[in-house]
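The values are calculated or read from the model by the stated rules, or taken from the named source; none is laboratory data. Since the model is a prediction, treat every value here as computed from it, not as a measurement. All Cβ positions, glycine included, derive from the backbone under ideal geometry; neighbour counts span all protein chains shown. For accessibility, only protein heavy atoms count, side chains too; no ligands or nucleic acids. Shrake-Rupley method; radii C 1.70, N 1.55, O 1.52, S 1.80 Å.
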Amino acid sequence: MRLFTLGWHFFRVGAMNELQYRANFFVQLFQSLLALVTGLVGLALVFDHTTDLAGWSRPELLAVMGVHILMGGLIRATIQPNMERLMGDIQSGTLDFALTRPADAQMLISIREVRIWQFVDVLMGLVVLGYAANNLKGTVGILQVTAFIAALLIGAVMIYCFWLILTTGAFWVIRMEQVVELFQGLYQAGRWPVGIYPDWLRTGLTFLVPVAFAVTVPAEALSNRLNIETLLLAFGIMVGLLVFSRWFWKVGVRNYSGASA
Amino acid sequence: MKDLASLYLGLMRISILEQLQYRVANYFYMIGMVTEPVVYLVVWTTIAHAQGGEVAGYTESQLAAYYIIWTLVRNMNIVFTPYGWEWRIRQGQLSDMLTRPIHPLHYDLGYFAGWKFVVILMWLPIAAVLTWLFKPALNPGWLEIGAFFLAIWGAYLVRSMWQWALGLISFWTTRVGAFFELYFTIELLLSGRLVPLALLPGWARQIADFLPFQYAFGFPIETLVGNMTPQQLITGLAMQVFWITFGLLVVLLVWKAAVRRYSAVGG
């Protein structure tokens, strides 16, 4: 319960802060539109030369793109800014201020930052998804939507765990800014269904970097390709990742000596 | 001239020593970057495969060659980012640069050129892994290899000039982000970075011919992959020289105006 009140307060402060810079909304909107156009051009080029990509039709791929944009926006609005701040705090030693607070440190470092303008991408993703869902062959009913939301949440939690594990590495390595580039690079692979990739890459994108669960699985839920086993597997892996990242974080904190120590 | 050469050598040595310290960071960066061409490669080989092994004249193994060479060319054309100018101006770095007797362009060119040696060295194992994974078809002659060597440095200079010119806009306005994004999107689509230019519709290729982008991306790749005639190789290299010179002129002109404006603001 406390998590939610605290989270709400941080969100409010963060939002108020950013609302001072309204022009940034238009900058973000412009950037999102550009990214959308690039994605659509990519799709158009593909379907200029073929009628389906490894069994995925055009609306289905559009759905994948929609989820990719939506999830990307969610990550950049909530997960990434917190992890970047954590990296900075570890580097400069200011993490002391978070650790000494009377709340769970992992919780605190995960909700301190929010970039509300990035939610533009979440909306944009929803629009693309809505358009795609309209053109999908099968019906998109209440069951598909429920499975989609469940898959989306599971995927988001997995991405959070993945980021936390990587960022915790900063306790030992210190210089971790490149992790952002690394993640953004790998996340691009999610624009297409992971099924098209060769085995080694598909495995990597499923279990090392959970892009498959974050993007492809929700898109599968929407286009009626998902079975319950996959969803349960995703849930199981999510729980495993949560436990592991928590443990790893604790080890990291124990390893942290602070700025003044 | 001799002074300038020793300045370049010095800058390159500094950047090589500096960048060699951050091997892990450099590798993370490169691995993140390699995903991009791998994604394109997989998408287009999937299509080529479904079409019976070829798409727009590119076989699967030629596509593999294209996107593997892509990774080196991409690394070669990382130059001082236009986003960096805002920071330079705000942090007062610029005043420092202005007091020196040599044009600041030299510092960026020298520093990034040195970095390239580290990048090429670190790229070799990545290229080996990609080659093993994707089995590219590549059998260039000596002429092509020679042209490629010149073309990657040409690409470095083409992109350096135009990125520099672009960055100088920061002297006039602070809201440059959106404009840069637009520039990079056009570059992505019309340079051969997203797809080989041959895969674009004809009208798009015609537009691309009037822009410098393909000479920093598609052309150097094609020198090795594209079975170009000696005539085409020379024309391409000449076009690089043209775009470098043109870019340099723009940089010098805009820089003059920019500095005048800067001192006007600084009082």
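Could you name the lysines in cross-link range of B:Lys116, using Cα to Cα under 25 Å and dropping any fewer than eight places away on the same chain?
B:Lys2
Enter the mean number of other protein chain beta carbons within 10 Å of the beta carbon of each residue in A:179-189, as an integer. Kindly include the intermediate steps, with their values, before the conclusion.
On the way: counts 4, 3, 7, 9, 2, 4, 11, 6, 2, 6, 5.
Per residue, the average neighbour count from other chains is 5.
Quick check: convex hull of the Cα atoms in the stretch A:55-193, volume per residue, rounded to a whole Å³? All intermediate terms of the calculation are to be shown ahead of the outcome.
Details: hull volume 16.2 nm³, N = 139.
Spelled out: Cα convex hull of the stretch A:55-193, divided by residues, is 117 Å³.
Tell me, what HN-Hα J-couplings in whole Hz come from the Karplus equation 6.51 cos²θ - 1.76 cosθ + 1.60 at θ = phi - 60° for each residue of the stretch A:246-257, using x for Gly and Pro?
Per residue, the Karplus-derived 3J(HN,Hα) values read 4, 4, 5, 4, 5, 4, x, 4, 4, 7, 7, 10 Hz.
Roughly how many Å² is the accessible area per residue of the stretch A:1-150, as a whole number, for a 1.4 Å probe? Mind dumping the intermediate values first?
Details: 7480 Å² over 150 residues.
Here the per-residue accessible area is 50 Å².
Filter the DSSP H helices in chain B by two things, a Kyte-Doolittle mean of at least -0.5 and an axial alpha-carbon span of 27 angstrom or more, and list the hits by number.
Numbers: long enough: B:2-21 (29 Å, 0.49); B:23-50 (40 Å, 0.94); B:104-134 (42 Å, 1.27); B:142-167 (37 Å, 0.95); B:230-266 (52 Å, 1.09).
Helices passing the filter in chain B: B:2-21, B:23-50, B:104-134, B:142-167, B:230-266.
Leaving ligands, DNA and RNA out of it, work out the accessible area of A:Phe171 with a 1.4 Å probe and give it in Å² to the nearest 10.
20 Å²
What ranking do B:152-158, B:213-219, A:57-63, B:230-236 get when scored by the average of other Cβ atoms within 10 Å per residue, highest first?
On the way: B:152-158: 23.3, B:213-219: 26.9, A:57-63: 21.0, B:230-236: 14.7.
Packing order, densest peptide first, comes out as B:213-219, B:152-158, A:57-63, B:230-236.
When only C-alpha pairs under 8 Å and at least 6 residues apart count, what is the relative contact order of chain A, in percent?
Working: 290 pairs, mean separation 71.3, N = 261.
For chain A, the relative contact order is 27 percent.
More than 33 angstrom separation, counting every C-alpha pair in the stretch A:2-255; what % is that? Could the numbers behind the result be given before it?
Details: 6857 of 32131 pairs.
Value for the stretch A:2-255 (Cα pairs over 33 Å): 21 percent.
Computed over the Cα atoms of the protein assembly as shown, what is the convex hull's projected area averaged over all directions, in nm²?
Working: hull surface 109.2 nm².
Projected area, direction-averaged: 27.3 nm².
Once label points are set 7 Å from the Cα along Cα→Cβ at both A:Lys137 and B:Glu54, what is their separation, rounded to one decimal in nm?
Reported label-point gap for A:Lys137 and B:Glu54 is 3.0 nm.
Starting from the 7 Å offset along Cα-to-Cβ, what nm value, one decimal, do you get for the label separation of A:Thr203 and B:His106?
That separation, rounded to one decimal, is 5.4 nm.
Compute for chains A and B the buried accessible surface, both sides summed, probe 1.4 Å, and express it in Å² to the nearest 100. Write out the running numbers ahead of the final one.
Values: alone 13720 and 14000 Å², together 24940 Å².
By this definition, chains A and B bury close to 2800 Å².
Using each residue's phi in the stretch A:101-114, evaluate 6.51 cos²θ - 1.76 cosθ + 1.60 at θ = phi - 60° and report the 3J(HN,Hα) Karplus result to the nearest Hz, with x for Gly and Pro.
6, x, 9, 4, 5, 4, 4, 4, 5, 8, 10, 5, 10, 8
Quick one: what does P(r) look like for the stretch B:2-266 with 5 Å bins over all Cα pairs, in whole %?
In order of increasing distance, the bins hold 1, 6, 11, 15, 18, 17, 14, 9, 5, 3, 1, 0, 0 percent.
Just to verify a number: FRET efficiency for A:Thr146 and B:Leu20, C-beta to C-beta distance, R0 = 51 Å, to 0.05? Spell out each step's value before the answer.
Numbers: r = 53 Å, r/R0 = 1.04.
Step by step, r from the Cβ atoms, then E = 0.45.
Within the accessible area of the stretch A:2-255, what % is carbon and sulfur when the probe is 1.4 Å and the other protein chains stay in place? Provide the component values of the computation, followed by the final result.
Working: 7840 of 11720 Å².
For the stretch A:2-255, the apolar C and S fraction of the accessible surface comes to 67 percent.
Evaluate peptide B:31-44: per residue, the Cβ atoms of other protein chains within 10 Å of its Cβ; return the mean as an integer.
6
Whole-Hz ³J(HN,Hα) for each residue in the stretch A:33-45, computed from phi via Karplus 6.51 cos²θ - 1.76 cosθ + 1.60 with θ = phi - 60°, x for glycine and proline: what do you get?
With coefficients 6.51, -1.76 and 1.60, one gets 5, 4, 4, 4, 4, 4, x, 5, 4, x, 4, 4, 4 Hz.
For A:191-197, what's the mean count of beta carbons from other chains sitting within 10 Å of each residue's beta carbon?
Values: counts 2, 5, 0, 0, 1, 6, 5.
Counting Cβ atoms of other protein chains within 10 Å of each residue's Cβ and averaging gives 3.
Considering only protein heavy atoms and a 1.4 Å probe, what is the carbon-and-sulfur percentage of the accessible area of the stretch B:2-266?
Working: 8400 of 12320 Å².
Carbon and sulfur atoms account for 68 percent of the accessible area of the stretch B:2-266.
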